[in-house]
Amino acid sequence: MYKRFVTKAAAFLKGKNGVRCIVIVGVIGILLIFLSEILPAGEKTAETATVDTDAYIRTLEERLTETVSRIDGVGACRVMVTLENGVKYVYASEEKTGSDYKTEGDTLSRADDNEQSVILVQTDQGYEGLLVTELQPTVKGVVVVCEGGGDAVVQERVRAALCAVLNVTDKRVCVVAGNGK
């Protein structure tokens with residue numbers, strides 16, 4: 001059975017239709033290679049970093065709103081967070097240093113040469129930098145608008161909680177009374 005299949009396949013490939021099939025498969029292969037070069041790889045771009053930062057802010061604000069609303073005397077509240085920077089990616093790198101010594105008469109001069117390059121790894125999408133860590137954004141300030149924000153005791157409780165959670169100074173936290181809407 002196998003022999004019969006091989007002989008029929010060989011006869012088909014020798015004919016006119018076989019050559020056409022081979023040419024068509026070759027053209028399709030070339031087109032696929034060309035398209036793989038044009039289509040973007042799954043890289044971390046500024047746009048994806050912005051999306052990551054926006055999602056980080058939303059999640060942080062939701063979690064802080066839930067936590068602050070549970071503090072005694074706060075009531076309904078809303079939290080807004082501002083950031084100093086976005087997500088930072090730290091890649092593994094290697095550094096090559098060298099020194100070149102030159103003698104001119106009685107003086108010896110030295111020229112240092114430093115070269116730093118990112119270590120690349122091959123992935124399904126091509127070559128990418130080897131990610132060591134992802135640093136979350138730094139909180140610049142927090143505003144809390146809550147029903148109990150007019151009470152100094154409630155303000156101090158909220159401020160102390162946010163300073164502890166976010167590792168910011170109390171000058172970066174503002175707690176004000178809201179109208180309950």
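The values are calculated or read from the model by the stated rules, or taken from the named source; none is laboratory data. Since we're looking at a predicted model, the values are computed, not measured. Positions of Cβ are backbone-derived with ideal geometry, glycine not excepted, and every protein chain shown enters the neighbour counts. Note: areas computed on protein heavy atoms with side chains; ligands, DNA, RNA excluded. Shrake-Rupley method; radii C 1.70, N 1.55, O 1.52, S 1.80 Å.
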Neighbourhood net charge (9 Å Cβ-Cβ; Lys/Arg +1, Asp/Glu -1) for THR97 = -3
Computed ³J(HN,Hα) along the stretch 119-125: with the Karplus parameters 6.51/-1.76/1.60, θ = phi - 60°, integer Hz and x for glycine or proline, the list is 7, 9, 10, 8, 10, 5, 8
Cα-centred dipole magnitude for the stretch 79-181, charges only on beta-carbon of K, R (+1) and D, E (-1), debye, nearest 20 | 840 debye
Tell me, what is the per residue accessible area of the stretch 54-181 in Å², probe radius 1.4 Å?
-> 70 Å²
Label-reachable residues, the stretch 141-155, where backbone N falls under 17 Å from a point 7 Å from LEU83's Cα toward its Cβ | 141-143
Select from GLY105, LEU130, VAL87 the residue farthest towards the positive end of the dipole of the stretch 64-137; place +1 on Cβ of Lys and Arg, -1 on Cβ of Asp and Glu, and compute about the Cα centre.
-> VAL87
